[in-house]
Amino acid sequence: MTDQGQSGYYQAIAREFLSRRGAPFFLSPRDLAVIAGWESDRIPLRVVLEGLARAFESFRERPQGTKGLTLAFCDSQVRKAMAQHADRRAGRPRRGDSSRPRKAERARRETERCLLGLAEGEAELRTLLQQALRLLAHETVDEPALEKIDEDVDELLWSRAPRDERDRKRAGELSESAAAARLRLVKDERRKRKIAYVSLYYY
């Protein structure tokens, strides 16, 4: 995707999402990461917008309405819309997403694996992942709390990255915002160090 096409993709999603949600009128670093994931997976813009519409419709009946809704909570509906889009093109019947309990079990296994591989000096990271394990053990998983743990892990990885590495990442991502460049560095760190995500939407 060209820089212009990438910018249009991000802007169209942001405009639709913010117009539906209302305040706060900005995207968080986590929201930008979700859009980057959709772009990386080549999910067409119209399919993303269809998924957003479904997500807001499903959350409309919540007592607190749609305020505070994040793009992470829209991800499952966007993925479902993409699966249906692919099925329609291939002439196959619709497929469903994995159940929440199955996703929680996968997240728990990955988190346990990650804990076993941590070095001795990773006390802060170990504490965060242990908190996630306790949450994943509950019958009803507190997904916003898991998202917060992922954000804390990302912040920890960013703060520990060498300054010259952070500067190079910013300089190399001129077509993106500083927040998006930061997210790319953190994503690279997670992949290199095999740090598990704990949020269910990754599974």
Seminar exercise, completed: For Leu146, Leu133, ascending order of other Cβ atoms within 10 Å (fewest first) is Leu133, Leu146
For this session: For segment 145-154, take each phi angle, set θ = phi - 60°, evaluate the Karplus expression 6.51 cos²θ - 1.76 cosθ + 1.60, and give the result in whole Hz per residue in order, putting x for glycine and proline.
Result: 5, 5, 4, 5, 5, 4, 5, 5, 5, 4
Exercise. What ³J(HN,Hα) values, in whole Hz, does the Karplus curve 6.51 cos²θ - 1.76 cosθ + 1.60 give for segment 46-55 when θ = phi - 60°, with x put for Gly and Pro?
Worked result: 5, 6, 4, 5, 5, x, 4, 4, 5, 4
Exercise. Which length gain, in nm to one decimal place, applies between Leu18 and Leu45 when the Cα-Cα distance is subtracted from 0.36 nm times their residue separation?
Worked result: 8.2 nm
For this session: Could you calculate the FRET efficiency of Asp152 with Ser58 from 1/(1 + (r/R0)^6), where r is the beta carbon distance between them and R0 is 25 Å, rounded to 0.05?
Result: 0.35
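Bear in mind that the values in this text are calculations on the coordinates, not laboratory data. Computed from a predicted model, the values in this text were never measured in an experiment. Heads up, the Cβs are rebuilt from the backbone with ideal geometry, glycines too, and the neighbour counts pull from every protein chain shown.
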